[in-house]
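Novice: Please see the structure below; I have some questions.
The values are calculated or read from the model by the stated rules, or taken from the named source; none is laboratory data. Just so you know, these numbers come straight off a predicted model, no measurement behind them. Cβ placement follows ideal geometry from the backbone for every residue including glycine, while neighbour counts extend to all protein chains displayed.
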Amino acid sequence: MENSNYVPNPQTPCTAIFIDPALCRGCNTCAEVCRVDVLIPSVCGQPPIPVYSDECWFCGVCVEHCPVPGAIRMEHPLNQRIAWKRKETGEFFRIGMKNPPPPNKKPPVGGVVTAAKNRPLQIQNREWRVSKHGF
Amino acid sequence: MDDTQYRTTTPWPYPVHYGRERMVETDVLILGGGIAGCHAAINAARMGVKVAVVEKGATIRSGSGGAGVDHWHNAFTNPCSKVTPEEAAELIASLGLKMPEGYGAGHVRYIEFKESWDALLDLEKMGVKIRDVDDEFKGADFRDDQTKLMFAYDYENRHVIRVQGGKVKVALYHELKRLGIGIFDRVMATSLLNEGGVAGGRVVGAMGVDVRTGEFCVFQAKATILATAQPLRLWVFSTELQGSAAEHDDPNCTGDGVAMAWKAGARFSLMERSEAFGGGFRYPAYGTGNASNTWFGCSMVDAKGKEIPWVNRDGALLKTVAERFRPAPGQKFTLNDPRCERVYEVRGAGFIPDLPERIMKGEYELPFYADLPAMPEHERRAIFGLMVGHEGKTLIPVYKALTEAGFDPDKDMLQANIVPAEMAGRTIPYWNGAGPSQWRGFAFIFFGGLVTDWDLGTNLEGLFAAGNQLMGGGTHTIAATSGRYAGRKAAEFALQAPAPTISRAQLDAEKKRVYAPIERSEGIGWKEFQSGISRIMQDYCGEYKTEETLKVGLTWLNSIRESEGAKVCARNPHELARTLETFSRLTCGEIIMHASLGRKASSNALDFKRLDYPEKDPPEWNKFVVVSLAHDQVKTGELPLNYWLKAPNAPTLEENYRNHCSLPEDSQHGK
């Protein structure tokens with residue numbers, strides 16, 4: 001074992017947010033919808049950085065609003081994943097297991113989970129005097 | 001990932017302007033842009049006044065209801081309901097302290113019963129699907145074919161509606177924009193403004209800090225609605241646990257509103273009410289096999305596939321799935337709140353009551369599973385697909401996570417989290433997990449907050465309250481309905497109120513307070529400070545309390561404020577906001593201890609245990625303990641239960657509502 005470095009401990013089991021830099025367009029929509037500012041936006045199209053992921057509420061809204069399916073994913077830590085059992089066969093499964101079953105592609109009622117039709121959000125004007133009431 | 005690296009090498013991405021002042025003038029100011037705040041804003045704006053919403057997060061999704069809603073409670077005026085608001089209110093009132101809301105706010109509840117359906121219709125106009133317009137559930141026995149409404153829990157009486165509200169906040173947000181309401185996101189309100197800067201005086205707005213830029217924001221308003229939230233993570237705090245020991249509600253629920261109203265002189269009640277808490281060791285909400293709330297009625301089997309039998313309130317075995325969703329013979333209607341599990345008059349179907357003993361004897365073997373494949377197709381899809389999918393934090397965290405990993409409700413049984421046998425089959429342990437007795441949480445519903453009148457006004461002129469901030473608040477529908485009601489009342493007040501004046505001295509004092517943590521270059525961080533506060537709450541205000549523990553607890557809270565509180569250090573606007581939140585929680589802890597000192601009796605109804613006053617609910621203590629701050633002294637008083645029906649109020653709910661609701665006669669439902 002050669003590469004021993006003097007480094008801080010790894011994060012708490014709450015990393016929560018993972019961004020695929022190959023897919024992320026750097027639109028920062030995830031950072032704009034996050035209620036606790038888990039992510040800080042990055043500039044020049046680079047992915048945002050999940051700096052405060054130990055504050056994450058695991059609401060998944062960042063994933064819901066992402067315009068590129070798969071660019072951001074939210075994962076519960078290992079101690080938050082319950083198992084299931086297939087009724088007919090008695091097989092046991094869990095999220096993250098080796099040789100998982102194929103995904104179930106049935107969408108929830110009302111439509112797909114995330115879609116490419118999501119557009120980057122320009123939600124909050126940081127200018128203060130904009131509305132018709134003169135704010 | 002090494003986060004210390006970012007702190008040393010990555011510049012803060014937002015321009016930082018600590019101390020720079022921004023001034024906003026408005027008629028109605030709403031603090032908190034969650035469900036209550038948004039409904040309040042929309043209803044105030046409809047009355048023609050200028051409205052501003054101040055939100056610590058992002059109004060488009062924040063608030064405890066911001067991650068979604070799947071079933072809409074107490075819609076007693078919907079065209080299919082067989083129960084009227086009056087019938088529901090009368091039954092609940094007749095049960096008194098047997099009901100969790102025996103200690104609650106009857107006027108808030110009645111407003112909810114009268115306007116729950118109206119609020120849902122508002123949302124439908126904004127684009128939220130409240131009906132099965134795609135006919136996916138045609139033929140289901142929980143669906144009304146004429147209105148296409150779908151019901152939950154009690155299919156006979158039809159007062160809870162299944163809705164596709166996953167993006168309810170997005171709809172509300174766009175309505176706010178359409179109405180020209182000023183939205184001030186990422187601004188944490190920190191203190192109220194009193195006229196002349198004197199606590200106890202008319203509330204004329206609020207101050208706050210931008211959590212990204214550090215700017216100081218001043219909102220001058222004729223009327224202010226507090227639509228912020230209760231303090232969570234006060235007893236148990238750990239960043240090693242999911243979401244820093246997340247509770248059910250939004251992590252932005254830190255009691256900022258409670259703390260600022262306290263300092264401004266508002267009156268609080270029920271602050272002594274807390275409940276057992278699993279300390280953040282729970283599984284994701286709605287994300288394990290169970291049979292209550294969003295999963296109500298789901299078949300459960302044991303490890304060997306043996307089904308756990310269901311019974312009605314009288315213990316009669318239910319042979320079909322359909323019977324789980326009906327009242328028992330002779331029962332008018334059911335209320336399926338988990339806290340009604342033990343209330344005979346309203347409790348719905350549930351598992352056999354001796355399930356724990358039968359597990360101990362080996363008749364049923366752990367673990368249990370939610371047997372979705374055994375459910376009729378419409379029920380299965382309603383639970384996993386509609387409710388799990390639209391309920392808060394279920395679309396991505398549960399539905400997507402499980403289905404992408406291969407979970408198929410047609411074939412698979414989701415495991416129930418394993419709790420001690422004596423808790424099996426009950427709802428609360430599933431919900432919260434179990435923890436030691438010193439771990440408490442602020443009560444989830446019908447908890448402490450501001451004492452309000454029939455205008456949802458407080459003792460402070462110009463200050464109204466809605467949602468979680470109300471004494472007796474909690475739940476999505478109370479937030480929506482009290483929001484719409486308070487929005488109307490605050491607008492009405494603002495239309496006749498004189499122009500407010502704010503005090504420069506109060507602004508300067510607040511600036512000094514809020515920026516102190518960024519003036520220090522070294523000290524302790526907010527997390528350690530919070531952990532210290534939490535330890536005091538555990539030690540001195542846990543499940544069992546005495547005069548001595550509470551007094552010592554207050555001493556130590558004050559001590560930690562004076563010493564470590566003067567050393568907390570924040571390195572950017574985000575840390576500054578988190579630090580200010582810990583001070584809010586500290587103040588909330590003090591209020592809770594003062595309120596606990598004020599109730600010199602134990603109470604089953606409040607889950608409140610005083611070792612020095614062990615008698616439970618002695619009749620002379622069946623009243624509200626009211627606490628407030630006046631001239632820097634804590635004042636403890638009381639109010640009778642049902643104070644909303646005592647003089648100067650009218651003797652009936654209906655009459656008071658009619659006198660105060662500010663709706664034209666012909667648009668008042670339930671008449």
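Novice: I'm trying to understand the selection: among the residues of segment B:230-247, which are hydrophobic (A, V, I, L, M, F, W, C), in contact with a Gly (Cβ under 8 Å, 6 or more places away or on another chain) and modelled with pLDDT of 80 or more?
Specialist: Hits for segment B:230-247 are B:Leu232, B:Leu234, B:Trp235, B:Val236.
Novice: Filter the strands (runs of 3 or more DSSP E) completely within segment B:159-254 down to those with at least 2 residues that are closer than 26 Å to B:Lys489 by Cα and touching an Asp or Glu at 6+ places or on another chain (Cβ under 6 Å).
Specialist: B:187-194, B:203-210, B:216-226
Novice: Got a number for residues in segment B:22-40 being within 12 Å of chain A (Cβ to nearest Cβ) and out of contact with any Asp or Glu (no Cβ under 7 Å at 6 or more places or on another chain)?
Specialist: Of the residues in that region, 8 qualify.
Novice: Report, by residue number, each residue of segment B:554-568 that is outside any helix (DSSP H, G or I) and either out of contact with any strand residue (DSSP E or B) (no Cβ under 7 Å at 6 or more places or on another chain) or under 18 Å from B:Leu234 (Cα atoms) (or both).
Specialist: B:Ser563, B:Val568
Novice: Among the candidates B:Ala67, B:Ala140, B:Ala58, B:Ala52, which residue alone is within 14 Å of chain A (Cβ to nearest Cβ), more than 21 Å from the chain's Cα centre (by Cα), assigned to a loop (DSSP other than H, G, I, E, B) and hydrophobic (A, V, I, L, M, F, W, C)?
Specialist: Going through B:Ala67, B:Ala140, B:Ala58, B:Ala52 in turn, the sole match is B:Ala140.
Novice: Let me ask another. Tally time: how many residues in segment B:585-626 are among the small types (Gly, Ala, Ser) and either farther than 17 Å from B:Lys545 by Cα or in a helix (DSSP H, G or I) (or both)? Walk me through how you get there before you give the answer.
Specialist: So the first thing to find is which residues in segment B:585-626 are among the small types (Gly, Ala, Ser), and the list is B:589, B:595-596, B:598, B:601-603, B:605.
Filter once more, so that each one left must be either farther than 17 Å from B:Lys545 by Cα or in a helix (DSSP H, G or I) (or both): B:589, B:595-596, B:598.
The qualifying residues number 4.
Novice: Take the residues in segment B:439-473 that are small (Gly, Ala, Ser) and surrounded by fewer than 24 Cβ atoms within 10 Å (Cβ to Cβ), then tell me which one is nearest to B:Arg273 (Cα to Cα).
Specialist: B:Ala443
Novice: So which residues in segment A:35-45 are crowded, with 21+ Cβ neighbours inside 10 Å and more than 7 Å from chain B (Cβ to nearest Cβ), if there are any at all? Give the derivation first.
Specialist: Initial filter on segment A:35-45 (crowded, with 21+ Cβ neighbours inside 10 Å): A:35-40.
The answer is A:Val38, A:Leu39.
Novice: Scan segment B:274-289 for residues that are within 9 Å of chain A (Cβ to nearest Cβ) and either farther than 17 Å from B:Leu232 by Cα or at pLDDT 85 or above (or both) and jot them down.
Specialist: B:Tyr283, B:Pro284, B:Gly287, B:Thr288, B:Gly289
Novice: Which pairs have Cβ atoms under 7 Å, sit 6 or more apart or on different chains, and link a residue in segment B:596-617 that is in contact (Cβ under 8 Å) with a residue 60 or more places away in the chain to one that is surrounded by fewer than 19 Cβ atoms within 10 Å (Cβ to Cβ) and among the hydroxyl-bearing types (Ser, Thr, Tyr)?
Specialist: Every condition considered, the pairs that remain are B:Gly598/B:Thr636; B:Lys609/B:Tyr544; B:Arg610/B:Thr546; B:Leu611/B:Tyr544; B:Leu611/B:Thr546; B:Asp612/B:Thr546.
Novice: For segment B:153-190, how many residues meet the condition of being under 21 Å from the mean Cα position of the chain (by Cα) and among the small types (Gly, Ala, Ser)?
Specialist: 4
Novice: Then there is this: Among the listed residues B:Lys609, B:Lys635, identify the single one that is surrounded by 13 or more Cβ atoms within 10 Å (Cβ to Cβ) and out of contact with any Phe, Trp or Tyr (no Cβ under 9 Å at 6 or more places or on another chain).
Specialist: B:Lys635
Novice: While we're on this one: Checking B:Asp132 against (1) of a type outside the set (A, V, I, L, M, F, W, C); (2) in contact with a Phe, Trp or Tyr (Cβ under 9 Å, 6 or more places away or on another chain); (3) crowded, with 19+ Cβ neighbours inside 10 Å; (4) over 28 Å from B:Gly448 (Cβ atoms), which test does it fail?
Specialist: B:Asp132 satisfies all of (1) of a type outside the set (A, V, I, L, M, F, W, C); (2) in contact with a Phe, Trp or Tyr (Cβ under 9 Å, 6 or more places away or on another chain); (3) crowded, with 19+ Cβ neighbours inside 10 Å; (4) over 28 Å from B:Gly448 (Cβ atoms) except (2).
Novice: For the structure I just gave you, tell me whether B:Ser94 is among the small types (Gly, Ala, Ser) and crowded, with 24+ Cβ neighbours inside 10 Å.
Specialist: Spelling it out, it is not the case that B:Ser94 is among the small types (Gly, Ala, Ser) and crowded, with 24+ Cβ neighbours inside 10 Å.
Novice: Also, I was wondering about something else. In the set B:Phe407, B:Phe384, B:Phe442, which member is out of contact with any His (no Cβ under 9 Å at 6 or more places or on another chain) and at pLDDT below 95? Even if it seems obvious, please write down each step before you answer.
Specialist: Numbers: B:Phe407 fails: at pLDDT below 95; B:Phe384 fails: at pLDDT below 95.
Step by step, each of B:Phe407, B:Phe384, B:Phe442 is checked, and only B:Phe442 is out of contact with any His (no Cβ under 9 Å at 6 or more places or on another chain) and at pLDDT below 95.
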